[in-house]
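Structure record follows, encoded as C-alpha cells.
The values are calculated or read from the model by the stated rules, or taken from the named source; none is laboratory data. Just so you know, these numbers come straight off a predicted model, no measurement behind them. Positions of Cβ are backbone-derived with ideal geometry, glycine not excepted, and every protein chain shown enters the neighbour counts. Heavy atoms of the whole protein, side chains included, go into the accessibility calculation; ligands, DNA and RNA do not. Shrake-Rupley method; radii C 1.70, N 1.55, O 1.52, S 1.80 Å.
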Amino acid sequence: MAINIAILGFGTVGSGVAETLDINKDVIAKRVGEEIIVKHILDVREFPESRFADLVTLDADEVFTDKDIKIAVETIGGARIAYEYTKRALSSGISVVTSNKELVSTKGPELIEIAKNNNCCYLFEAAVGGGIPIIRPLYKCLAANKITKIAGIVNGTTNYILSQMKDEGLDFVTALKQAQENGFAEANPSADIDGIDAQRKLSILSTIANDGDYIAPEQISAEGISAITTDDMAFAASIGCDIKLIALYEAGEKPVAYVAPALVDKSNLLYNVNGVFNAIMVDGNSLGQAMFYGQGAGTLPTASAVCGDILEAAVSEPYENRDWTKESVEITPYDEIAADIVIRADVPAKVIGAAEAYECEVLSDEAILVKGIRHKDIAALVSEAGAKSWMHYLK
Ligand code: HSE
C-alpha cells in the first residue's frame with residue numbers, strides 16, 4: 001500500500017518537496033505506515049534534466065481525474081491558477097498542502113470551508129516562516145492560551161537585504177540580487193520589499209491568533225524597506241539598535257496588525273535574527289513568551305514544512321479544518337494605533353518640548369524615544385520639532 005500524491009508547480013519549493021520525500025522516504029514510510037509516492041508533477045514546463053522528469057505532466061486533467069491521488073501539494077504560488085487547482089482538488093476530496101501565503105491569506109476562509117465540506121484538509125504550515133513550525137504550534141500546542149501579541153520577522157528576503165547592508169556594507173540592489181539568486185525572493189520582489197509578503201503572513205498569523213476571526217491582508221497597513229538607507233543603518237547602530245521589518249499583532253476588541261520597519265533594541269531577541277532567518281515571538285496569557293526561530297525561506301527548509309503537512313494529511317482522519325470567518329472582522333485603524341517611535345533630530349530639546357504630552361527618553365544627542373503616540377499625531381510632532389525623520393521602535 002502507498003499514498004499517492006501530486007505536486008502542482010515544480011519551482012523552488014515543489015522541487016524541494018520531491019527531493020525531501022525521496023531522501024527521507026524510509027523514515028517517512030515508517031512514520032506514516034505507508035510509502036508516500038509522488039505520482040504526478042504538474043507544471044507548464046518540462047524538466048528533462050530532472051531525475052523526476054518522468055513524473056512531469058503538462059495536463060491538469062491527468063492529475064485531477066486520477067482517483068489514486070490523496071494529497072495535492074500546491075507550490076505554484078499566486079492566487080489565480082493556484083486558486084483554481086486548489087478548489088478543484090479540494091472539491092474532489094483531495095487534501096491540499098501549500099506554501100502559498102497569498103492564496104491562504106486571501107482565500108483561506110473559502111478554501112478551508114471547501115475542504116471541510118469534502119472531508120479533506122487544507123494545510124499551510126509552510127506559508128509562514130518557511131521551515132519554522134508556527135501554524136500547528138499556534139493551533140495545537142498553544143491552544144489553551146489567549147494569544148495576546150505576535151511580533152515577528154517573517155520575510156527572509158528583506159531580512160537578508162538589511163543584514164547584508166549592515167554587515168557587508170552592500171547596497172540595496174546588490175543585496176536584493178543575491179536574495180533572488182538564492183531563491184528567497186518572490187517572483188516579483190516588490191512583494192518582499194514593499195512588505196506585501198509580510199502583510200499576507202501577518203494576516204494568517206493574526207487570524208489564527210484571533211481565533212479564526214478573519215483579518216484580511218488589505219486591512220493590514222504595510223510599509224516596506226525600500227526607503228531604508230545605509231545612513232539609517234548607521235544611525236540605528238549608534239543607539240544600539242538594528243533595523244528589521246516587523247510584523248506586529250496585538251489582541252483586543254479591535255486587534256492591532258501592521259507591518260513596518262522598526263528599530264529593534266539589542267535587548268530584544270529579534271535583534272540577533274539575521275540573514276534569511278525568520279523569528280516569531282508569541283505572547284500567550286499562560287505561556288508568557290516563546291520565540292520560534294529558523295530558516296524562513298529557501299528550497300529545503302520550506303519543503304520541510306510542506307512535507308510535515310503531507311504527513312499530517314496522510315495520517316489524520318477525520319481531518320481537522322479550523323474555521324475562518326467568511327467576513328473579516330474590524331481592526332484598529334492604523335492612524336489610531338499608539339506606537340513607540342524614535343525621532344531623529346538635531347535639537348533633541350525641541351522634540352522633548354513638543355512631545356511633552358508623552359513619555360520620552362533621550363537615547364543619544366540626536367535620538368529621542370517617544371512612547372505611545374498615535375500614528376495620526378506623528379507627522380505634526382515631527383514637523384513641530386523640526387525633526388529629520390522617525391521610525392518605529394521595539395524594545
Ligand atoms: N519571499 C519570501 C521570503 C519567501 O523572502 O520570506 C518565503 O515565504
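Checked against (1) away from the ligand (no atom under 12 Å from the Cβ); (2) within 13 Å of the chain's Cα centre (by Cα); (3) at pLDDT below 95, GLU181 meets all criteria but (2).
Starting from residues that are part of a loop (DSSP other than H, G, I, E, B) and of a type in the set (Val, Ile, Thr), keep the ones in the range 218-235 and report whichever is farthest from the ligand (Cβ to nearest atom). Can you show your working first?
Taking the range 218-235 as the starting set, the residues that turn out to be part of a loop (DSSP other than H, G, I, E, B) are 220, 223-229.
Add one more test, that the residue is of a type in the set (Val, Ile, Thr), and what stays is 220, 225, 228-229.
Details: ILE220: 16, ILE225: 12, ILE228: 16, THR229: 21 Å.
Of everything passing the filter in the range 218-235, THR229 is farthest from the ligand (Cβ to nearest atom).
Taking (1) in contact with a His (Cβ under 9 Å, 6 or more places away or on another chain); (2) assigned to a loop (DSSP other than H, G, I, E, B) in turn, GLU253 satisfies each apart from (1). Between ALA216, ALA251, ALA279, ALA234, the distinction of being modelled with pLDDT under 95 and outside the structural domain of ALA79 (by TED's automatic domain parsing) belongs to ALA234 only.
Would the range 184-191 turn up any residue that is surrounded by fewer than 23 Cβ atoms within 10 Å (Cβ to Cβ), farther than 23 Å from GLU366 by Cα and more than 16 Å from the ligand (Cβ to nearest atom)? Checking the range 184-191: not a single residue is surrounded by fewer than 23 Cβ atoms within 10 Å (Cβ to Cβ), farther than 23 Å from GLU366 by Cα and more than 16 Å from the ligand (Cβ to nearest atom). Selection of the range 141-178 for residues being assigned to a helix (DSSP H, G or I), within 30 Å of GLY252 (Cβ to Cβ) and either more than 16 Å from the ligand (Cβ to nearest atom) or open to solvent by 60 Å² or more (accessible area, probe 1.4 Å) (or both) yields only CYS141.
Determine whether the range 206-217 contains at least one residue that is surrounded by 19 or more Cβ atoms within 10 Å (Cβ to Cβ) and within 16 Å of the ligand (Cβ to nearest atom).
Going residue by residue through the range 206-217, those that are surrounded by 19 or more Cβ atoms within 10 Å (Cβ to Cβ) are 206-210, 214-217.
From the residues that got through so far, the ones that are within 16 Å of the ligand (Cβ to nearest atom) too are 217.
Yes, some residue in the range 206-217 is surrounded by 19 or more Cβ atoms within 10 Å (Cβ to Cβ) and within 16 Å of the ligand (Cβ to nearest atom).
Residues in the range 208-243 that are over 19 Å from ILE196 (Cβ atoms) and of a type in the set (Asp, Glu): ASP211, ASP213, ASP231, ASP232, ASP242. Within the range 101-123, if we keep just the residues that are open to solvent by 10 Å² or more (accessible area, probe 1.4 Å) and within 12 Å of the ligand (Cβ to nearest atom), the residue that is farthest from GLY294 (Cα to Cα) turns out to be GLU102. In the range 316-323, the condition of being hydroxyl-bearing (Ser, Thr, Tyr), within 24 Å of GLY212 (Cα to Cα) and modelled with pLDDT under 95 is met by at least one residue. The single condition from (1) out of contact with any Asp or Glu (no Cβ under 7 Å at 6 or more places or on another chain); (2) of a type outside the set (Lys, Arg); (3) crowded, with 24+ Cβ neighbours inside 10 Å that GLY195 fails is (1).
Of the numbered criteria (1) open to solvent by 10 Å² or more (accessible area, probe 1.4 Å); (2) out of contact with any strand residue (DSSP E or B) (no Cβ under 8 Å at 6 or more places or on another chain); (3) not small (Gly, Ala, Ser), the one ASN285 fails is (2). The residue pairs whose first member lies in the range 178-193 and is over 10 Å from THR158 (Cα atoms), whose second member is aliphatic (A, V, I, L, M), and whose beta carbons are closer than 8 Å, counting only pairs six or more residues apart or on different chains, are GLN178/LEU170; ASN182/VAL276; GLY183/ALA297; SER190/ILE196.
Scanning the range 324-352 for residues that are touching a helix residue (DSSP H, G or I) at 6+ places or on another chain (Cβ under 7 Å), surrounded by 13 or more Cβ atoms within 10 Å (Cβ to Cβ) and over 21 Å from ALA222 (Cβ atoms) yields THR325, ILE343, ARG344, ALA345. Note on the range 378-393: residues that are part of a helix (DSSP H, G or I) and open to solvent by 40 Å² or more (accessible area, probe 1.4 Å) total 4. On inspection, ILE81 qualifies as of a type in the set (A, V, I, L, M) and out of contact with any helix residue (DSSP H, G or I) (no Cβ under 6 Å at 6 or more places or on another chain). The residue that is nearest to the ligand (Cβ to nearest atom), counting only those in the range 294-323 that are among the hydroxyl-bearing types (Ser, Thr, Tyr) and touching a helix residue (DSSP H, G or I) at 6+ places or on another chain (Cβ under 8 Å), is THR302.
Given the condition within 16 Å of the ligand (Cβ to nearest atom), open to solvent by 30 Å² or more (accessible area, probe 1.4 Å) and not in a strand (DSSP E or B), answer yes or no: does some residue in the range 273-281 qualify? For the range 273-281, residues within 16 Å of the ligand (Cβ to nearest atom), open to solvent by 30 Å² or more (accessible area, probe 1.4 Å) and not in a strand (DSSP E or B): present.
With the requirement that a residue be surrounded by fewer than 24 Cβ atoms within 10 Å (Cβ to Cβ) and within 11 Å of the ligand (Cβ to nearest atom), what does the range 124-140 give you? Outline the logic, then answer.
Here is the first cut: in the range 124-140, the residues surrounded by fewer than 24 Cβ atoms within 10 Å (Cβ to Cβ) are 131, 133, 135-140.
Within the range 124-140, GLY131 is the sole residue that qualifies.
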